[in-house]
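Input: a single structure, listed below in structure tokens.
Only the coordinates and a few stated rules stand behind these numbers; no lab work does. What you see is a predicted model; the values in this text were computed from it and never measured. Here Cβ is always computed from backbone atoms with ideal geometry, including for glycine, and neighbour counts include all displayed protein chains.
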Amino acid sequence: MHEVDIAIIGAGVVGLAIAAQVASEDREVYVLEKNETFGLETSGRQSGVIHAGIYYPQGSLKATTCVDGNRMLYQLCRTYGIGHRRLGKLIVAATDEETGELQSLLERGERNGIVDLAILSKRDLKELEPNVEGVAAILSPSSGIIDSHALMRHFVARLQEEGARIAYRTEVVGIEKAADGYKVTVEDSTGRFTFVTRIVINCAGLQCDRVAELAGMDIVEAGYKLHYCKGDYFSVSSTKSKLVSRLIYPVPPPKLTGVGIHATLDIEGRMKLGPSVQYVDSIDYAVDTQHKQLFYDSVRIFLPFIEYDDLEPEMAGIRPKIQKPGEDVKDFVITDETDKGLPGFINLIGIESPGLTASPAIAEYVGSLVEDLLGK
């Protein structure tokens, strides 16, 4: 039976970043992806924002990997010519009642190690963004946007240079503990086959709980059961896209199910609004056009120049949350499951926002777990 060192399940941005991190000439590393290419699910259906790390609880993996990943991403972009724009971001308080929340966000961001945040008065806000309406705002200069597909292509090139391989159209259908690692059964166009790997890294995104279950884990007891959260996006007519020059966000709602429908600009300067928040039972990427009124009502408070007819359906994405509706924010799960009787089985569960920003830092974190397991 063929033996490999590391099998990584899932070729989203996090799986690819980890593969690039752990691959080396003396290791046999495979990335297994059920789709025909990389980044077709959560990684390819998001805002493309480089987050600063403002929203997340101090000491959480979301906070630490986001703050570190922000710095690492900009360095990667500069070094390898990956498309990005360091636009900066405004979190806008629409009412006096929301200004207190701005102060709380600022303090949380500073506790997380962000050093460049500032609170702006209404006059400061108008000087920076004359077309944005609000009573105050937080300015986050280190927020920006990235060409996420270019980033993933970079990770693919790096992992391949180090000898790792990606098997597309290859779905994992069985994982069994073996004496020297794990027997992994996969299904591709030729049928089923099994190989042995010393380490399994579960980066399966929307299917990560199912993969953990394949390894024999009780995902409900472990707190790993996913709750799909759909977000629609609408694009704004091109004539309006140049009326702001930064990312514009509202003050986030309680529980942080999402950070509120916000305005982003992509690499080409097109404005998108989203994502919305809707828990769903199945994966469906059709945009609900009935949400157009919700989007219009949400953003016209701080972007009064947007008219209803400016909005067109753009895309939808699904976030793999372990946070149920109404629950407080839950952290990333990134752990070697030795204490559950599965040494060398590394789970990444609930990797949603800020997963794109955090991806190089997550890769470093998982890389250290791999070094401990392989002893080299």
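Over the chain, the Kirkwood radius and the radius of gyration, each from Cα atoms, give a ratio Rg/Rh of 0.99. Taking the 0 to 90 degree range and rounding to the nearest ten, how far is the long axis of helix 13-22 tilted relative to the main principal axis of the chain, both from C-alpha atoms? Helix 13-22 and the main axis of the chain meet at about 50 degrees. The equivalent ellipsoid of region 196-347 has semi-axes of 37, 15, 14 Å, largest first, where each one is the square root of 5 times an eigenvalue of the Cα gyration tensor. Packing, as the average of other Cβ atoms within 10 Å across residues, places the peptides 8-14, 278-284, 245-251 in the order 8-14, 245-251, 278-284, highest first. In the structure shown, the pairs Lys89/Lys230; Lys62/Lys230; Lys126/Lys240; Lys62/Lys272; Lys240/Lys330; Lys122/Lys230 are assessed against 28 Å; a Cα-Cα span above that value is assigned to Lys240/Lys330; Lys122/Lys230. Answer rounded, prolate or oblate for region 152-247, using the Cα gyration tensor with square roots of eigenvalues a ≥ b ≥ c: rounded when a/c is under 1.5, else prolate when a/b is larger than b/c, else oblate. Note, shape of region 152-247 comes out prolate. Along its first, second and third principal axes, ordered by size, region 29-93 spans 43, 28, 25 Å in Cα coordinates. The angle between the Cα long axis of helix 355-374 and the main principal axis of the chain comes to about 30°, on a 0 to 90 degree scale.
Each principal axis of region 1-139 carries a Cα extent, and these read 67, 30, 28 Å when sorted largest first. Could you tell me how many degrees, from 0 to 90 and to the nearest 10, lie between the Cα long axis of helix 61-80 and the main elongation axis, the longest principal axis, of the Cα atoms of the chain? Approximately 90 degrees, to the nearest 10.
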